[in-house]
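To keep things clear, I will list the structure first and then write my remarks on it.
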Amino acid sequence: MAERVRARRLTDQEGQRLQQIVRRGRHGPVRMRRAMIIMASASGTPVPAIARLVAADEDTVRDVIHAFNEKGLAALDPQWAGGRPRLISDEDIAVIVAAATTRPEKLGLPFTHWSLRKLSAYLARNRTRTVMIGRERLRQILHERRISFQRTRTWKESADPGKDAKLNRIEEVTSAFPGRCFAFDQFGPLSIRPCHGTCWARRTKPARLPATYHRTHGIRYFHGCYSLGDDRLWGVTRLRKGGDHTLAALKSIRAARPDGAPIYVIMDNLSANKTPAIRAWAGKHKVHLCFTPTSASWANPIEAQFGPSRTFVMGGPDHPNHTVLARRLQDYLTWRNANARHPDVLTAQRRERARVRSERQQRWGRPRPRAA
């Protein structure tokens, strides 16, 4: 049996960035799939379920998780290339990145930000580790590490005093009780408007959507439930968020495990999710509520499941009203739950790819890079 792997705990900035990539779906397919893998793994989703989510091999999923644990968000953009040995080592690059992301004032220099000339001169005179590098190569390294010259901005971090305790609780239940662990969240607001997506079309002849200026249909929210053990996603569309709708969703989750044994539900720290009626019902029916920290909804395992729903249902078509959108969403959920790839099929495909890679390595002397 393969070793159980899991992405490390995300920081607030990492979680918000991954959530943005998964929900908006505007990045490349490799980047979006890797973001879904990292986000799902960090929230406790097991590797087989993640492999079915992104239609990838389990070994590929584990490779992405290991890469994220080593390199952070740089794992979203793998660098598959060969060539001669580098003159700048990884240790040198670490020194360059550390210096570039540190304000010169903290290093005792009389200016507030770096230029390439000033940074190159500082690295050449650094007593801890001297790095001789030209300005153009320095610019390339910073660009590869996604470090650019930009304006400062404000930032937001979870101020929840129980942040660590809540994240520890989520990690505990997803690791110890994956078969009895569920996730719930509201996805929205959903509005009736043309939403750009992707499709196959003739070159320079993309599919076009009409522009809208008057939106009279209002908004809706999709209340989704996800079972980590069964890898099953279901839910309904509601007019608003509310404690009564959350309680109805929790009852549907309890019905999925009618044996009366305890279950664990991960949900956002929203006031509508923890009303007195919900807490009383949960205590009576052995439903343990595990809340994510404030401003850290990326810790909810269902967040990674909303990305494909947004891409394949709301991206591209022009739904005439909310009734049609809700019907299309339910049709997709039915298809998604019925077409999960069987573990035996994934195992056979993994073995076949391993055989092909072995033959290719013997023939060419080295393995070729794999796609994510």
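Just to be sure before I move on: is R193 open to solvent by 60 Å² or more (accessible area, probe 1.4 Å), touching an Asp or Glu at 6+ places or on another chain (Cβ under 9 Å), at pLDDT below 85 and not in a strand (DSSP E or B) in the structure I sent? For R193, the condition - open to solvent by 60 Å² or more (accessible area, probe 1.4 Å), touching an Asp or Glu at 6+ places or on another chain (Cβ under 9 Å), at pLDDT below 85 and not in a strand (DSSP E or B) - is met. Of the conditions (1) outside any loop (DSSP other than H, G, I, E, B); (2) closer than 21 Å to S309 by Cα; (3) open to solvent by 50 Å² or more (accessible area, probe 1.4 Å); (4) of a type outside the set (A, V, I, L, M), R240 clears all except one; give me its number. Against the list (1) outside any loop (DSSP other than H, G, I, E, B); (2) closer than 21 Å to S309 by Cα; (3) open to solvent by 50 Å² or more (accessible area, probe 1.4 Å); (4) of a type outside the set (A, V, I, L, M), R240 comes up short only on (1). The set of residues in the stretch 59-87 that are of a type outside the set (F, W, Y) and assigned to a loop (DSSP other than H, G, I, E, B) comprises D77, P78, Q79, A81, G82, G83, R84, P85, R86, L87. Sub-7 Å Cβ pairs linking a first residue in the stretch 60-77 that is among the basic types (K, R) to a second residue that is open to solvent by less than 50 Å² (accessible area, probe 1.4 Å) and part of a helix (DSSP H, G or I), at least 6 apart or interchain, are R62/V47, ordered by first then second residue. Return yes when A56 is within 26 Å of R8 (Cβ to Cβ), within 16 Å of the chain's Cα centre (by Cα) and assigned to a loop (DSSP other than H, G, I, E, B) and no when it is not. When the stated conditions are applied, A56 passes them.
Among the residues of the stretch 261-271, those identified as among the hydrophobic types (A, V, I, L, M, F, W, C) and in contact with a His (Cβ under 8 Å, 6 or more places away or on another chain) are I263, V265. I'm checking my understanding of the structure. Among residues of the stretch 243-252 that are over 12 Å from K286 (Cα atoms) and not polar (S, T, N, Q), which one is surrounded by the most Cβ atoms within 10 Å (Cβ to Cβ)? For the stretch 243-252, the residue satisfying everything is A249. Evaluation of H66 against the conditions (1) of a type outside the set (F, W, Y); (2) under 26 Å from D185 (Cβ atoms); (3) open to solvent by 60 Å² or more (accessible area, probe 1.4 Å) shows that the sole unmet condition is (2). Residues satisfying the criterion are absent from the stretch 253-276 (criterion: in a strand (DSSP E or B), in contact (Cβ under 8 Å) with a residue 12 or more places away in the chain and surrounded by fewer than 18 Cβ atoms within 10 Å (Cβ to Cβ)). Scanning the stretch 121-148 for residues that are under 28 Å from P78 (Cβ atoms) and free of Cβ contacts under 8 Å to residues at least 24 places away in the same chain, we see that the one that is surrounded by the most Cβ atoms within 10 Å (Cβ to Cβ) is R139.
Give me a count of the residues in the stretch 10-38 that are over 20 Å from E171 (Cα atoms) and at pLDDT below 90. Break it down into steps so the answer makes sense when it comes.
The first filter runs over the stretch 10-38 and keeps only residues over 20 Å from E171 (Cα atoms), leaving 17, 20-34.
Retained after the next criterion (residues that are at pLDDT below 90): 17, 20-33.
Within the stretch 10-38, residues that are over 20 Å from E171 (Cα atoms) and at pLDDT below 90 number 15.
Residues that are among the basic types (K, R) and either surrounded by 11 or more Cβ atoms within 10 Å (Cβ to Cβ) or in a loop (DSSP other than H, G, I, E, B) (or both) within the stretch 101-120 comprise R103, K118, listed in sequence order. Residues in the stretch 204-219 include none that are modelled with pLDDT of 85 or more, touching a helix residue (DSSP H, G or I) at 6+ places or on another chain (Cβ under 8 Å) and open to solvent by less than 90 Å² (accessible area, probe 1.4 Å). Taken over the stretch 100-127, residues that are among the aromatic types (F, W, Y) and under 19 Å from R146 (Cα atoms) amount to 1. Among the small types (G, A, S), under 25 Å from the mean Cα position of the chain (by Cα) and open to solvent by 30 Å² or more (accessible area, probe 1.4 Å) - does that describe any residue in the stretch 84-100? There is no residue in the stretch 84-100 that is among the small types (G, A, S), under 25 Å from the mean Cα position of the chain (by Cα) and open to solvent by 30 Å² or more (accessible area, probe 1.4 Å).
The values are calculated or read from the model by the stated rules, or taken from the named source; none is laboratory data. In this text, all values refer to a predicted model and were calculated from it rather than measured experimentally. A quick note on method: Cβ atoms are made from the backbone with ideal geometry, for glycine too, and the neighbour counts reach across all protein chains shown. We work out accessible area using only protein heavy atoms, side chains counted, and drop any ligands, DNA or RNA first. Shrake-Rupley method; radii C 1.70, N 1.55, O 1.52, S 1.80 Å.
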